[in-house]
Amino acid sequence: MMVASVALLWLAGTCALLAFVYRKAFADAWAEPVLRAPVLILGGDDWGYGPVEQAQRLDRIVELLERFRDSRSAHPIMTLGVVLAGPDTDRIRADECRSYHRVTLADPRLMPVRAAMLRGVARGVFALQLHGMEHYWPACLMAAAAADKKIRDWATQNGFPNTEALPAPLQSRWIDVTTLPSKPLPVEQVAAAATEEIRAFVEMFGATPEVVVPATFVWTEAVESAWIRAGVRVVVTPGRRNESRDAEGRVVPGKHTYFNAATGPHGVTYVVRDCYLEPSLGKMHPETIDALRANTRAGRPTLVEIHRLNFIGDERAMEQALGEVKRLLEGARAIFPALRFMSTAELARDCRERSALIERKTSARLHFLIRRLAGVSRLRKLAWATGAALPAWLAYLATRPRPSEEAQPLT
Ligand SMILES: [Zn+2]
């Protein structure tokens with residue numbers, strides 16, 4: 001009796017201690033909505049300014065995505081993180097790199113790219129998101145061009161160059177990378193630029209972007225609040241906010257961490273994109289399927305990063321990338337018959353409005369809470385070492401959804 005009492009006291013004590021030490025992990029895992037069906041969203045960044053051949057490549061993606069449907073007859077959606085502008089290389093060249101000149105997607109020469117994007121939207125396979133006016137801060141580009149012949153050549157070449165070819169630090173738009181480590185940009189300048197890019201998006205596409213994907217996931221408070229004041233509702237994150245670049249040019253995460261549907265200042269919703277399908281970098285569909293399994297198991301959506309880089313340039317590489325998307329969609333549909341395709345904006349809306357996609361039963365939410373916490377490696381090890389895993393395991397079994405509940409169709 002005495003031994004049992006001591007054991008019970010010990011378990012209660014360690015559970016309380018772990019819950020206290022990991023209170024933020026507990027609170028976040030509980031607050032994050034549990035999805036009642038697997039969700040797959042393709043996040044295609046960097047489309048927009050650049051070679052006109054993008055139009056034909058976008059059409060190929062549309063053709064592929066149109067061949068698939070989920071159980072509700074919805075097509076897979078590739079959200080396009082749109083870059084609205086880039087260098088007017090003719091004018092920069094004529095000016096001998098003394099000042100920056102911009103070409104936007106409203107230029108008639110880039111009309112085929114914009115038209116291809118809108119065709120995909122009309123067919124229900126693209127959703128447009130803002131990635132940025134440019135994929136760099138123009139003053140930093142010009143400072144780099146003055147000092148580096150390669151950057152000068154990039155900014156003065158014929159046609160519309162690919163921003164992917166710029167050194168990584170320059171591709172961060174919202175910090176001053178003239179020297180490394182980076183420095184903050186003047187707050188009033190970034191706020192004005194963030195407002196300007198929302199206005200430009202509205203002019204080009206006729207609607208405010210509901211979702212922004214910050215370039216290289218580097219952004220600041222000032223940028224975010226300007227976006228939100230201009231009507232943005234969702235910011236895509238990798239689960240953190242990068243705030244600077246170190247002396248080697250690597251991104252440095254700030255203190256902020258985010259979970260799906262976390263809300264921030266002025267009611268902004270954050271969504272986490274933490275999976276990849278980047279065939280040009282060797283990240284192939286089996287890895288993405290594993291990520292889909294893991295996220296689904298934790299009641300989370302799967303947002304897959306797949307950059308434009310995979311689809312432009314070499315034709316064989318594009319065919320390989322299309323093949324990988326096809327295999328991902330085939331595999332995901334076969335493994336998860338209840339799979340849902342949607343846009344990031346729809347997902348955020350489902351979470352905000354607590355639609356039928358979101359689990360409401362407390363016992364099921366407790367079950368997923370335990371699954372999520374079991375994914376926190378240090379906490380899991382401590383729970384096993386102290387014995388706190390035993391009551392957690394019993395609670396896990398007791399809250400397990402019945403197969404009949406799991407099979408219920410969503411309305
Ligand atoms: Zn990008």
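Extension gain, S71 to A168, is 30.9 nm, computed as 0.36 nm per intervening residue step minus the present C-alpha separation.
Extension gain for R327 to E287 (0.36 nm times residue separation, less C-alpha to C-alpha distance): 13.2 nm.
The rule of thumb for compact globular proteins, 2.2 N^0.38 Å, goes into the C-alpha radius of gyration of region 218-357 1.17 times. Between rounded, prolate and oblate, where does region 251-300 land on the alpha carbon gyration tensor, with a ≥ b ≥ c its root eigenvalues, rounded for a/c under 1.5, else prolate if a/b exceeds b/c? Oblate, because a/c is 1.5 or more while a/b does not exceed b/c.
Normalised radius of gyration (Cα atoms, divided by 2.2 N^0.38 Å) for region 1-63: 2.43. In order along region 213-224, the Karplus-derived 3J(HN,Hα) couplings, from 6.51 cos²θ - 1.76 cosθ + 1.60 at θ = phi - 60°, round to 10, x, 4, 6, 6, 9, 7, 10, 4, 5, 5, 4 Hz, and Gly and Pro are given as x. Pick out which of L105, L303, L281 has the largest mean-square fluctuation in a Gaussian network model of the chain, springs linking Cα atoms closer than 10 Å. Of L105, L303, L281, the most mobile in the Gaussian network model is L281. Dimensions of the chain along the principal axes, based on C-alpha atoms and rounded to the nearest Å, stand at 90, 46, 37, largest first. Simple spin-label estimate for E96 and Q189 gives 2.4 nm between the two label positions (7 Å along the Cα-to-Cβ direction from each Cα).
Here the alpha carbons of region 282-356 define both size measures, Rg and Dmax, at 14.2, 44 Å.
Name the shape class, rounded, prolate or oblate, that the alpha-carbon gyration tensor gives for region 3-146, where a ≥ b ≥ c are the square roots of its eigenvalues, rounded holds for a/c under 1.5, and otherwise prolate holds if a/b is larger than b/c and oblate otherwise. Here region 3-146 falls in the oblate category.
For the chain, the mean residue ellipticity at 222 nm estimated from helices alone is -14000 deg cm²/dmol, where every DSSP H run of n ≥ 4 contributes -39500 (n - 2.57) and the total is divided by all residues, rounded to the nearest 500. Taking the Cα atoms of region 177-296, the ratio Rg/Rh between the radius of gyration and the Kirkwood radius comes to 1.01.
Taking each residue as 0.36 nm, the span from R378 to K361 lengthens on full extension beyond its C-alpha to C-alpha distance by 3.3 nm. Computed from the C-beta positions of E319 and T263 and an R0 of 35 Å, the FRET efficiency is 0.25 to the nearest 0.05. Counting charges near L390 (Lys, Arg +1; Asp, Glu -1) among other residues having Cβ under 15 Å from its Cβ returns a value of +2. For region 197-255, which trypsin sites (Lys or Arg not before Pro) pass both filters: DSSP loop (anything but H, G, I, E, B) and at most 15 other C-beta atoms within 10 Å? Answer in residue order: R250. Both radii were evaluated on the Cα set of region 138-200; the Rg over Rh quotient, with Rh as the Kirkwood radius, amounts to 0.99. Here region 119-191 and region 300-314 have alpha carbon centers that stand 19 Å from each other. Restricting region 207-256 to GluC sites (Glu not before Pro) that sit in a DSSP loop and have at most 11 other Cβ atoms within 10 Å of their own Cβ leaves E248. Rounded to the nearest 20 debye, the dipole magnitude of the chain is 1600 debye, with +1 charges on Lys and Arg beta carbons, -1 on Asp and Glu beta carbons, and the Cα centre as origin. Between H256 and R241, the built amide H atoms are under 5 Å apart, and every one of these is 5 or more places off in sequence or on another chain.
Taking a ≥ b ≥ c as the square roots of the eigenvalues of the Cα gyration tensor, region 111-264 is oblate, since a/c reaches 1.5 or more and a/b is not larger than b/c. Of all lysines in the structure, those lying under 20 Å Cα to Cα from K326, and not within fewer than 8 positions of it along the same chain, are K283.
Relative to the dominant Cα principal axis of the chain, helix 377-386 is inclined by about 10°.
Counting charges near L277 (Lys, Arg +1; Asp, Glu -1) among other residues having Cβ under 10 Å from its Cβ returns a value of -2.
Rule-based calculations on the coordinates, nothing more; no lab input. Just so we're clear, the structure is a prediction, and the values are computed from it rather than from any experiment. A quick note on method: Cβ atoms are made from the backbone with ideal geometry, for glycine too, and the neighbour counts reach across all protein chains shown.
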